[in-house]
1. Please report the spacing between the Cα centers of region 160-204 and region 29-103 in Å, no decimals.
2. Counting DSSP beta bridges with both partners in the chain, what percentage is antiparallel, nearest 5?
3. Ordering GLU261, GLU163 by accessible area with a probe of 1.4 Å, largest first, what comes out?
4. How would you order 73-86, 203-216 from highest to lowest mean count of nearby Cβ atoms within 10 Å?
5. Given contacts defined as C-alpha pairs under 8 Å and at least six residues apart, what's the relative contact order of region 1-63, whole-number percent?
6. Quote the accessible area belonging to LEU305 in square angstrom, nearest 10, computed with a 1.4 Å probe and with ligands, DNA and RNA left uncounted.
7. Return the carbon/sulfur percentage of the accessible area of the chain, one whole number, probe 1.4 Å, all protein chains in place.
8. For the chain, what is the calculated [θ] at 222 nm in deg cm²/dmol (nearest 500), taking -39500 (n - 2.57) for each run of four or more DSSP H residues and dividing by its residue count?
Amino acid sequence: MSAPARSNYSVAIVGAGIIGLYTAYHLARAGTGPILVVDRGFLSSGASGRNGGGVRQQWETRATLRLARESVAAYRRFGREFGYNIWFRQSGYLFLAETDAELARLRPVHDLVRSEGLDSRVLDADGVRRLVDGIAPGAAVGGTYLGTDGTLYPFPALWGLYEAVRALDVEVALGVEVLGVTTADGRVTGLATSRGPVTASRVVNAAGGWSGDLSRAAGLDVPNHATRHEILATEPMKPFLDPMVVRPSDGLYFSQTMRGEIVGGLTLPHAPGTGGGMSSSAAFLPRMAASLSRLVPRLGSLGVLRAWSGYYDDTPDGFPIIGEDLRCPGFFHANGFGGHGFMLAPSATRRIARAVMGEATDLDPGLFGPGRFTGAARPAAVERLQLG
Ligand SMILES: Cc1cc2nc3c(=O)[nH]c(=O)nc-3n(C[C@H](O)[C@H](O)[C@H](O)COP(=O)(O)OP(=O)(O)OC[C@H]3O[C@@H](n4cnc5c(N)ncnc54)[C@H](O)[C@@H]3O)c2cc1C
């Protein structure tokens with residue numbers, strides 16, 4: 001636990017996950033004055049230390065695809081920039097189709113990805129079998145595949161950012177809870193924390209699954225809702241699988257790490273909200289085992305090393321919420337990343353930092369702005385490809 005060292009900051013960021021730390025990095029490099037990042041947990045205690053490490057550019061909308069593509073480029077240079085190897089491996093992402101109708105639903109994504117110059121492929125059942133050795137006969141009629149998608153290890157990414165921001169004089173106060181946002185005349189003036197008040201004219205809400213709570217504590221009606229997602233890691237087995245595999249019908253996704261473990265999860269209908277804790281439910285292991293071994297029967301004999309869960313911070317239209325909330329000047333949203341905050345973090349946080357500095361961004365406010373859920377402005381589109 002480390003109390004904030006000063007009482008006055010230029011920017012205070014709530015949440016030391018990938019979004020808060022990356023935002024701090026961009027801001028500090030731009031020289032915005034003293035920055036505080038405050039988190040009630042430990043480094044990586046939120047979703048940023050609990051995810052599958054998937055990074056994909058196959059999206060239903062061009063706006064998300066372009067953010068993801070820019071993030072891929074950033075993760076490729078992460079080692080050079082931050083001195084940490086995040087084991088970013090561009091070994092592909094495979095969306096499976098169990099029926100011709102499912103394959104037809106994946107086609108527009110494939111077409112969009114190709115229109116952006118990326119080499120998406122539509123595979124038949126044989127093409128899928130070549131990528132997923134041991135897949136059950138008849139388990140997929142085909143799928144879509146992009147070889148430059150991939151996976152990374154989340155922890156070194158957080159460590160690299162943590163060290164980088166501290167080297168840039170950002171203060172990271174861990175074990176300090178934010179109890180509320182303080183305002184005067186409707187404007188943000190700072191934070192009330194478990195270690196006392198701090199002043200800051202700009203507050204960034206990067207609180208992940210808890211961001212809705214923080215916004216609401218500031219008096220803002222927001223549509224964010226947390227959903228619990230479970231995931232596991234198996235004992236290692238001889239490497240046989242390159243891509244991340246996603247099956248839309250039940251939300252199954254899994255990849256094989258470079259250490260040989262299978263890491264993957266499945267969507268279960270947990271009640272919304274953060275009340276369920278972050279352990280594994282009794283229903284998860286049998287459901288996951290049945291789903292995985294139905295697809296690749298020989299994985300059914302693997303032992304599970306550990307299972308855990310974390311929170312997605314979901315929005316009704318599947319786009320994150322980025323930018324200043326004009327109902328409370330000085331309050332910036334950097335949240336609503338659902339199950340994809342890691343893969344969008346480098347590019348999205350660059351825009352968040354620009355917004356905090358009062359600069360224009362190239363983000364369509366109708367897709368990403370906080371105002372799209374209030375007043376006359378309605379969400380302009382929906383990003384439905386929320387799996388894996
Ligand atoms: C099981 C699972 C699998 C996933 N798989 C992928 C994937 O393959 N690829 C991908 O890109 N994304 C994936 N995600 C999503 C991704 O992990 C998140 O979108 C991303 O980590 C969000 O980062 P964040 O910094 O916004 O939030 P977090 O990492 O959750 O950080 C928020 C922080 O805010 C802190 N906080 C909250 N409230 C307060 C308060 N009042 N006071 C102080 N601190 C507070 C918390 O302690 C927490 O550390 C997955 C998520 C889960 C749960």
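1. So the two Cα centres are separated by 24 Å.
2. Counting only bridges with both partners in the chain, antiparallel ones make up about 70 percent.
3. From most accessible down to least: GLU163, GLU261.
4. Ranked by mean Cβ neighbours within 10 Å, highest first: 203-216, 73-86.
5. Worked out over region 1-63, it gives 35 percent.
6. LEU305 has an accessible surface of roughly 100 Å² with all protein chains in place.
7. 53
8. It comes out at -8500 deg cm²/dmol, rounded to the nearest 500.
The values are calculated or read from the model by the stated rules, or taken from the named source; none is laboratory data. Note that the structure is predicted; figures quoted are calculated from it, not measured. Positions of Cβ are generated from backbone atoms using ideal geometry, with glycine treated the same way; all protein chains shown enter the neighbour counts. Surface areas here come from the heavy atoms of the whole protein model, side chains and all, with no ligands, DNA or RNA. Shrake-Rupley method; radii C 1.70, N 1.55, O 1.52, S 1.80 Å.
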